[in-house]
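The values are calculated or read from the model by the stated rules, or taken from the named source; none is laboratory data. Keep in mind it's a predicted model, so treat the numbers as computed, not measured. Positions of Cβ are generated from backbone atoms using ideal geometry, with glycine treated the same way; all protein chains shown enter the neighbour counts. Ligands, DNA and RNA are stripped out before the accessible areas are found, and what is left, the full protein with its side chains, is counted by its heavy atoms. Shrake-Rupley method; radii C 1.70, N 1.55, O 1.52, S 1.80 Å.
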Amino acid sequence: QLVYPHDFRLTEKEKTSICYLSFPDSYSGGLGDTQFSFRLRQSGGPRSSPFQDDGRYNREAPLVLQREAAHYFGYVYFRQVRDSSMRRGYFQKSLVLVSRLPYVNLFQSLLQLIAPEYFDKLEPCLEAVCNEIDQWPPPVPGQTLNLPVMGVVIQVRIPSRVDKPGSSPVKQCNQENLLPAPLVLPSVHELDLFRCFQPVLIHIQMLWELMLLGEPMVVMAPSPTVSSELVLALTSVLAPLRYCCDFRPYFTIHDSEFKEYTTRTQAPPNIVVGVTNPFFIKTLQHWPHILRVGELRMAGDLPKQVKVKKLAKLKTLDTKPGIYTSYKTFLHKDKTLIKRLLKGIQRKRPSEVQSALLRRHLLELTQSFIIPLEHYIASLMPLQRAITPWKNPPQIRPFCQEDFMKTLEHAGPQLTCVLKGDWLGLYRRFFRSPNFDGWFRQRHREMTHKLEALHLEAICEADIVAWMKDKSEVEIVDLVLKLREKLVRARCQHLPVKEETLHRVGLYIDTIIGSLPEDLQAVLHH
């Protein structure tokens, strides 16, 4: 019906997709308000962002919180109430917040404040809210933001890449005494993992492996809320490793990618997709891993745990909850985690404490797996003494899987993780997954930037006048052009180089140009 800000352009295809994704697509008798989220592929070519950001945010934010380039997130607040004046006897409306940022907690909290007011007061309310949001500061990693909206101040810290993984959010102590007291969000994006995973706690190990390997997976849930929370929880289990595959927290049969995912002529894509329409049981039967869950209810005891079942048992429509897969885990189950969570349930430990326990376990598991890879890739970096000022920097040595496997005997995950199992098999499978590809590209890019930075520093330390003594004009002009190109690249790619180093290289260039005949000087200055 309306879009705020008015000048935000969506393609017709995006509008249609947002409309379908903003409503539950299976009958839910539940009246009232529900919240869920979706993720949508951008269509219609690249668009300039209304935010002036030179990429600094993505450089400083944790990988899991980077601004998306080709997808939007949609955060939905849906209201359904009886209303005899309506043709269908119901008032049904959704307010959707669209963003490239995966701040699920912040945006859902924001909608809890705005949506009820909007359904009551309609358009003027949105206009007022947008004016307030326009004044918000940009999200700067490492900073705590105070965000005023509708008489409330939301206070939240934006995590930074330099935060220690697994550390609890920094206690927010702002000197200014905000009145009214702010609504403090403990995290901009972290979900209550214990609540999301309660029917599958005993299978957390298997789910972690499936996500690590980027396996295609369907989550079948009774509502978009359960579906989107479970998909987002699954994609977060690898943190701080980035989940590099596609994921759709909520997906409907009207989606433009429906044909792409349901075709049987090719293997299912590497994606986790959350659905609620029972029709999908039929159309996605050929997928290798299907997780079917019921409504999430927090009871006093350990919720009923779903069983792992054979795919052939996937009956249509009345399928019982379960993990339908023939996957055999590489690692053995961690009994101690389940025992600790059970003890927590018996002692009525708060859900956030249980979640912290679960998150710590997953973090340690991911770190045990990734540290040997980090050590090996660091060993491929050329030695610093091999970097000389007047030659191109040496190449990073190629990643050899077999060489890496040999390092595991002495420096494998067994050093930091008690879990037994076929770690080698898990690494071999991981090498074929998009997550390895994404991790490797990121690391390789960082190492290349580091090499460039070290090379610039080596040039600064060199005695340029001595080098120039026996060089021809052609060689000297060539050096000027190369140094200029390096300087431009260092600034464009934001290489990890001190500003002072860049300044010195600039002075070098001026010194060299100054030593040349005047006609050449004029050309180079031009």
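Quick rundown of the values:
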{"quantity": "Conditions (1) within 14 Å of Ile459 (Cα to Cα); (2) surrounded by fewer than 16 Cβ atoms within 10 Å (Cβ to Cβ); number of the one not met by Val505", "calculated": "(2)"}
{"quantity": "Odd one out for Asn131, checked against (1) open to solvent by less than 50 Å² (accessible area, probe 1.4 Å); (2) under 20 Å from Phe8 (Cα atoms)", "calculated": "(1)"}
{"quantity": "Qualifying residue in the range 490-504 (condition: more than 27 Å from Arg445 (Cα to Cα) and out of contact with any strand residue (DSSP E or B) (no Cβ under 7 Å at 6 or more places or on another chain))", "calculated": "no"}
{"quantity": "Output for the range 474-502, where each listed residue is acidic (Asp, Glu) and loosely packed, with under 11 Cβ neighbours inside 10 Å", "calculated": "Glu485, Glu499, Glu500"}
{"quantity": "So Arg385, is it over 30 Å from Val64 (Cβ atoms) and in a helix (DSSP H, G or I)", "calculated": "yes"}
{"quantity": "Hey, Val153 modelled with pLDDT under 95 and crowded, with 19+ Cβ neighbours inside 10 Å or not", "calculated": "no"}
{"quantity": "Within the range 366-397, tally of residues that are touching a Leu at 6+ places or on another chain (Cβ under 7 Å), free of Cβ contacts under 8 Å to residues at least 60 places away in the same chain and open to solvent by 20 Å² or more (accessible area, probe 1.4 Å)", "calculated": "2"}
{"quantity": "Members of the range 111-128 that are closer than 20 Å to Ser99 by Cα and open to solvent by 80 Å² or more (accessible area, probe 1.4 Å)", "calculated": "Gln112, Glu127"}
{"quantity": "Complete set of residues in the range 400-422 that are modelled with pLDDT of 90 or more, loosely packed, with under 13 Cβ neighbours inside 10 Å and outside any loop (DSSP other than H, G, I, E, B)", "calculated": "Gln401, Glu402, Lys406"}
{"quantity": "3 or more residues touching a strand residue (DSSP E or B) at 6+ places or on another chain (Cβ under 8 Å), open to solvent by less than 20 Å² (accessible area, probe 1.4 Å) and not assigned by the TED database to the domain that holds Leu40: qualifying helices (runs of 4 or more DSSP H) within the range 174-246", "calculated": "204-212, 224-235"}
{"quantity": "Elements of type helices (runs of 4 or more DSSP H) contained in the range 431-526, each with 1 or more residues being over 43 Å from the mean Cα position of the chain (by Cα) and not charged (D, E, K, R)", "calculated": "464-468, 473-492, 499-514, 518-525"}
{"quantity": "Condition met for Ser160 (at pLDDT 90 or above, open to solvent by less than 10 Å² (accessible area, probe 1.4 Å) and more than 24 Å from Lys333 (Cβ to Cβ))", "calculated": "no"}
{"quantity": "Sole residue being at pLDDT below 85 and charged (D, E, K, R), chosen from Asp463, Asp437", "calculated": "Asp463"}
{"quantity": "Tally, over the range 441-458, of residues that are polar (S, T, N, Q) and exposed (fewer than 15 other Cβ atoms within 10 Å of the Cβ)", "calculated": "1"}
{"quantity": "Scan of the range 76-98 for residues that are among the basic types (Lys, Arg) and open to solvent by 60 Å² or more (accessible area, probe 1.4 Å), ordered by number", "calculated": "Arg82, Arg87, Arg88"}
{"quantity": "Pairs with Cβ under 7 Å, 6+ apart, first in the range 472-501 and in contact (Cβ under 8 Å) with a residue 40 or more places away in the chain, second open to solvent by less than 90 Å² (accessible area, probe 1.4 Å) and charged (D, E, K, R)", "calculated": "His494/Arg59; Leu495/Glu452; Thr501/Glu457"}
{"quantity": "Among (1) farther than 30 Å from Leu291 by Cα; (2) charged (D, E, K, R); (3) part of a helix (DSSP H, G or I), the one test that Arg397 misses", "calculated": "(3)"}
{"quantity": "Verdict on Phe73 being modelled with pLDDT of 90 or more and surrounded by 11 or more Cβ atoms within 10 Å (Cβ to Cβ)", "calculated": "yes"}
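Rundown of residues vs (1) over 19 Å from Thr329 (Cα atoms); (2) over 17 Å from the mean Cα position of the chain (by Cα); (3) of a type outside the set (A, V, I, L, M), yes/no style:
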| site | (1), (2), (3) |
| --- | --- |
| Ile202 | no, yes, no |
| Met211 | no, no, no |
| Pro216 | no, yes, yes |
| Met220 | yes, yes, no |
| Ser227 | yes, yes, yes |
| Leu232 | yes, no, no |
| Thr235 | no, no, yes |
| His286 | yes, yes, yes |
| Glu295 | yes, yes, yes |
